[in-house]
Amino acid sequence: MMATALGRVSRSRSTYASLRLAVLQFIADPQWLIPSMIAPVVFALVSFELFRSAGPYFLTYAILGAGMMSMWGQTLYGSGWATGQDREFGTLEPTIQAPTPYLYVVLGRVLWNVLSGLIGGAIVYVVIVAFAGGPPALPDPVGFALLFVFVMVTLASVGVVFAAFYVYTRYAGFIQNIGEFAFYIGTGCMFPVVLLPFYTNPVSLIFPPTWALDALRYLSIPGYRGFAWGFWGDLLGAVATTAVYLGIAGAVFTRVEHHVLEEGNLSEY
């Protein structure tokens, strides 16, 4: 029982230390300010000026689209760097061989990605509301805020899986650059997935944010028509796919740890 308690403390301390280091690295080299906080604001302002007379709920679309750009950009690139930095600095094998599972080290970094993504989304919201002269019309502001945070959890689950599989490839940067805008479109960050050709929907539904974003639009835009199963079906699908992604990430990290303990390195990757 004492060993279990100590193990929990060790994992908590590792996650906190990893989170703290991620914050310090961001402050020392805040290069992510441009893609995750500045560029989305520019896109949001452009879309708002172009379509400001499109209807009372376009403001919600603009905030969701630009906010998701901020959060997904930070999640995708931050998750790739979550394991890439250990590979670059030569600390991947020693970190994996530490008593605390490597997943908890990556978790601290991904948590900072979530927090910084939320900050970026909040900046987008404040700027657009200031230009619009008032907040968007939301039937359920509290529910919107809670579901918005859950959308970040779904994004984080995808980020953790990417971070796990990035251990097995040296082409993380290539995958990130290709996947960024494809993910914006494929999951409904920029506009509802139902506007895409029907044959693309099964691919989109593989990703948890697709379900969560459709549910968010059902909740915040009266009259919205997304997937036929509606809000509760979207919410159930988001929870189920997020759980699957987290399970996959845990299994992959466990396999990586066993490999390092057996071979002593990841040089073949």
Residue hits (the stretch 109-141; out of contact with any helix residue (DSSP H, G or I) (no Cβ under 9 Å at 6 or more places or on another chain) and of a type in the set (A, V, I, L, M, F, W, C)) are V126, A130
| message | Yes or no: the stretch 217-227 includes at least one residue that is within 27 Å of A44 (Cβ to Cβ), among the charged types (D, E, K, R) and modelled with pLDDT of 90 or more. | response | no
Those residues of the stretch 112-140 which are within 20 Å of the chain's Cα centre (by Cα) and crowded, with 17+ Cβ neighbours inside 10 Å amount to W112, N113, V114, S116, G117, L118, G120, G121, I123, V124, Y125
Exception for G55 within (1) crowded, with 22+ Cβ neighbours inside 10 Å; (2) among the small types (G, A, S); (3) modelled with pLDDT under 70 falls at (1)
Given (1) within 12 Å of L216 (Cβ to Cβ); (2) part of a loop (DSSP other than H, G, I, E, B), L146 misses just (2)
Of the candidates Y269, Y199, the one satisfying the condition of being modelled with pLDDT of 70 or more and either surrounded by fewer than 21 Cβ atoms within 10 Å (Cβ to Cβ) or out of contact with any His (no Cβ under 8 Å at 6 or more places or on another chain) (or both) is Y199
Within the stretch 62-74, can one find any residue that is closer than 21 Å to Y218 by Cα, outside any helix (DSSP H, G or I) and modelled with pLDDT under 75?
no
Report whether or not F131 is out of contact with any Pro (no Cβ under 7 Å at 6 or more places or on another chain), modelled with pLDDT under 75 and over 27 Å from L24 (Cα atoms).
no
For helices (runs of 4 or more DSSP H) lying entirely in the stretch 182-266, having 2 or more residues that are under 28 Å from L138 (Cβ atoms) and touching a residue at least 40 places away in the same chain (Cβ under 8 Å) picks out 208-220, 230-263
Of the residues in the stretch 1-32, those that are surrounded by fewer than 13 Cβ atoms within 10 Å (Cβ to Cβ) and modelled with pLDDT under 75 come to M1, M2, A3, T4, A5, L6, R8, V9, D29, P30, Q31
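The values are calculated or read from the model by the stated rules, or taken from the named source; none is laboratory data. None of these values were measured; they are calculated from a predicted model. Cβ coordinates were reconstructed from backbone atoms using ideal geometry, including for glycine residues, and neighbour counts include every protein chain displayed.
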